[in-house]
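Enquirer: Take a look at the following structure, please.
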Amino acid sequence: MAEKMTEMRANEMMDVGFHCSQVVMCHVAECMGLDADCALRLTAGLGAGCNHGDTCGVISAGVLALGLVYGFDKPNASAENAQLVAKVREFTDRFVALHGSTLCRVLLNGYDAADPNRVSTESTWDNCGKYCEDACAILDDMIGEHYKN
């Protein structure tokens, strides 16, 4: 299995220009034996709440990861859809229990990427590494049995 995601490792990835969403999905891709470069490209637009301050990129990437395991590719898959919905709720509920929200602008203490007058302070992104670490830990727990050894 790939290396455990830590706050330090997440911060190192973000320090070189990756978004939180990319950190999470890259971790999952490495653990599942999938193409990490594809995962990075797939999730590149999800950071900063899709650049609107909405759903945090770690949540969006987590939902994509859950879709890889619990998603469906046939029509009329109501049972599979119900399972996926339950897993997404579990993931988001666990994240909210730790951090109080799934909204990027809330997690970043009011910084809103959609505001044209926004000003990023030195501390705006301080907690993003922890959000990545915790999202990855939740995913490791929820889908780790599907990881390659």
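The values are calculated or read from the model by the stated rules, or taken from the named source; none is laboratory data. What you see is a predicted model, and the numbers here were worked out from it, not measured in a lab. Glycine gets a Cβ as well: all are built from the backbone with ideal geometry, and neighbour counts include every protein chain shown. The protein model used for the area step is the full one, side chains on, heavy atoms only, and it has no ligands, DNA or RNA in it. Shrake-Rupley method; radii C 1.70, N 1.55, O 1.52, S 1.80 Å.
Yes/no per residue for (1) touching a helix residue (DSSP H, G or I) at 6+ places or on another chain (Cβ under 7 Å); (2) over 17 Å from GLY144 (Cβ atoms):
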site: ALA2; (1), (2): yes, no
site: GLU12; (1), (2): no, yes
site: ASP15; (1), (2): no, yes
site: CYS26; (1), (2): yes, no
site: ASP35; (1), (2): yes, yes
site: LEU42; (1), (2): yes, yes
site: SER60; (1), (2): yes, yes
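Enquirer: Quick one: which helices (runs of 4 or more DSSP H) sit completely within region 44-149 and have at least 2 residues that are of a type in the set (Phe, Trp, Tyr)? Break it down into steps so the answer makes sense when it comes.
Expert: Numbers: elements: 57-70, 78-99, 104-107, 128-143.
So the answer is 78-99.
Enquirer: Within region 107-125, how many residues turn out to be open to solvent by 50 Å² or more (accessible area, probe 1.4 Å) and either within 16 Å of GLN22 (Cβ to Cβ) or modelled with pLDDT of 95 or more (or both)?
Expert: The total comes to 1.
Enquirer: If ALA97 meets every condition in (1) open to solvent by 60 Å² or more (accessible area, probe 1.4 Å); (2) in contact (Cβ under 8 Å) with a residue 60 or more places away in the chain; (3) closer than 18 Å to ASP140 by Cβ apart from one, which number is that one?
Expert: (2)
Enquirer: Working only within region 102-149, note down all residues that are in contact with a Leu (Cβ under 6 Å, 6 or more places away or on another chain) and either farther than 19 Å from HIS27 by Cβ or among the aromatic types (Phe, Trp, Tyr) (or both).
Expert: Keep residues of region 102-149 that are in contact with a Leu (Cβ under 6 Å, 6 or more places away or on another chain), which gives 124, 134.
Of everything in region 102-149, just one residue is in contact with a Leu (Cβ under 6 Å, 6 or more places away or on another chain) and either farther than 19 Å from HIS27 by Cβ or among the aromatic types (Phe, Trp, Tyr) (or both), namely THR124.
Enquirer: Okay, next question. Scan (1) among the hydrophobic types (A, V, I, L, M, F, W, C); (2) over 13 Å from the mean Cα position of the chain (by Cα); (3) surrounded by fewer than 17 Cβ atoms within 10 Å (Cβ to Cβ) for the single condition VAL88 breaks and write down its number.
Expert: Of (1) among the hydrophobic types (A, V, I, L, M, F, W, C); (2) over 13 Å from the mean Cα position of the chain (by Cα); (3) surrounded by fewer than 17 Cβ atoms within 10 Å (Cβ to Cβ), only one is false for VAL88: (2).
Enquirer: When the residues of region 137-149 are narrowed to those that are touching a Cys at 6+ places or on another chain (Cβ under 9 Å) and not charged (D, E, K, R), which ends up most open to solvent (accessible area, probe 1.4 Å)? Give the steps one after another, and end with the answer.
Expert: Here is the first cut: in region 137-149, the ones touching a Cys at 6+ places or on another chain (Cβ under 9 Å) are 139-140, 143-144, 146-148.
So of that shortlist, the ones also not charged (D, E, K, R) come out as 139, 143-144, 146-147.
Working: LEU139: 0, ILE143: 0, GLY144: 24, HIS146: 78, TYR147: 15 Å².
Going through the qualifying residues, I end up with HIS146.
Enquirer: Which condition from (1) open to solvent by less than 80 Å² (accessible area, probe 1.4 Å); (2) at positive phi is the one that VAL69 breaks?
Expert: Here VAL69 clears every test but (2).
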